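What follows is a set of notes on a single structure, which appears directly below.
The values are calculated or read from the model by the stated rules, or taken from the named source; none is laboratory data. Everything numeric here is computed off the predicted structure, so don't read it as measured data. Neighbour counts run over all protein chains shown; Cβ positions are idealised from the backbone, glycine included.
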């Protein structure tokens, strides 16, 4: 995909539309898109070979990742810019509704959590994908973490340890093992993976990621980032004793001084468990 990435960079530099910041962001987004197309299996693309199947594959991936509507819309704008520059505007539908991209919502005190059901898992035919989904739900893992994880190595008794090479931003972290359900899922993951990861021995990470995306799409499992929202909200209630604002609990402004400190400590703990550096990011998961 190096050729596509290079071609898109050259296209950006020949067509300096918009402000400097707009040009910079466009080049960054299209570079990201080039890499994601490779991960989806399109390895010999040129800039002029953009097709509807590529757009649909990207949108499906972004929706599975649970990206914000605004983020997806911004990326669609850059895809349309790309299509225009190669004279293939019809490759992309005129309206985002065609792809199931709804209107942007600014309200944060609305829960985006999703629970993983047994009926959903029953539609997954790949045991490694099913186990990755279960680990996401049990420990709030990101998708890449749930695929790259080596369960036997990660099991530290009362904690799940994540290596820096598995995580976003290269930040190692630990997640407490708090209940029997987590222990059961982890033990079953260890049996499936042996001493290895949740990537089958005959596959690469990219190949297993591609299988994961396909399996989730075929099973109609969308918004998998919602598993992290669910984890955060359950954890918040455990740590504070009351529901998160996004699930009908008290708003931060309505808490007493003592409760606000409990709220702050809970958000710090949850932020660390989810692999974020800032407590403020928990508002996305918990509301304010």
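Filtering region 255-280 down to residues that are touching a residue at least 40 places away in the same chain (Cβ under 8 Å) and assigned to a helix (DSSP H, G or I), which residue is farthest from residue 136 (Cα to Cα)? Before the answer, list the steps.
Step one: filter region 255-280 for residues touching a residue at least 40 places away in the same chain (Cβ under 8 Å), giving 272-275, 277.
When the remaining residues are screened for being assigned to a helix (DSSP H, G or I), the result is 272-274.
Working: 272: 16, 273: 12, 274: 11 Å.
The selected residue is 272.
Here is a check on your reading of the model: is residue 83 in a helix (DSSP H, G or I), within 20 Å of residue 71 (Cβ to Cβ) and assigned by TED's automatic domain parsing to the domain that holds residue 57?
yes
Taking the condition of being under 16 Å from the mean Cα position of the chain (by Cα) and surrounded by fewer than 16 Cβ atoms within 10 Å (Cβ to Cβ), how many residues in region 23-46 meet it?
Number of matching residues: 2.
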